[in-house]
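Visitor: Structure below; questions to follow.
The values are calculated or read from the model by the stated rules, or taken from the named source; none is laboratory data. From a predicted model like this one, the values you see are computed outputs, not experimental measurements. Reconstructed Cβ throughout: ideal geometry from the backbone, glycine too, with neighbour counts over all protein chains shown.
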Amino acid sequence: MSIKLHQITPNIMTADVSKSVKFYTNLFGLEIEYLVRQGGENDEGFDTEVDDNKVYQYAGLSKDGFKIGIQEKLSFIADVKETTDKTPGTFSGDLYFEVDDLEAIKEKLDDSDFRELETTWYGMKEVYLKDPDGYVICIAAKDENFSMV
């Protein structure tokens, strides 16, 4: 029997949901599916736009079939008991975003905010930066001129 995988959704722990939502929506144009207000798991505890006067414990963001979850630290720890390192920004890896227009992303960044690599051995142009919580993010696009043979 074959298992069909539907999606992988990174869910990252953050110190400030609103700040992280603004970072990811501004950089990638992600849309807010929903925000869960602190303690607001009932029908009245959801928003679809960031209100700087409210504190959020979770956000679901998406675009073009891509999804990411942003979860406040204490809420994350309560939900994911297996978490071994309780500090936002600690992760044994990076979040790798493949985009079609790397130059458009770079225009949104200050030159000092990222490290750019030449085309990799596997044919990707990449830039590395950190999000507001210190997570390492790689944003990459295929180098159309690259060939492995």
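Visitor: Based on this model, can you work out whether GLU103 counts as out of contact with any Ser or Thr (no Cβ under 7 Å at 6 or more places or on another chain) and part of a loop (DSSP other than H, G, I, E, B)? Show your work before the answer.
Guide: On the way: out of contact with any Ser or Thr (no Cβ under 7 Å at 6 or more places or on another chain): yes; part of a loop (DSSP other than H, G, I, E, B): no.
It is false that GLU103 is out of contact with any Ser or Thr (no Cβ under 7 Å at 6 or more places or on another chain) and part of a loop (DSSP other than H, G, I, E, B).
Visitor: What are the pairs with Cβ atoms under 6 angstrom where one residue, in region 88-115, is at positive phi and the other, located anywhere, is at pLDDT 90 or above and among the aliphatic types (A, V, I, L, M)? Sequence gap at least six, or different chains.
Guide: That search, which allows pairs on different chains as well, returns nothing.
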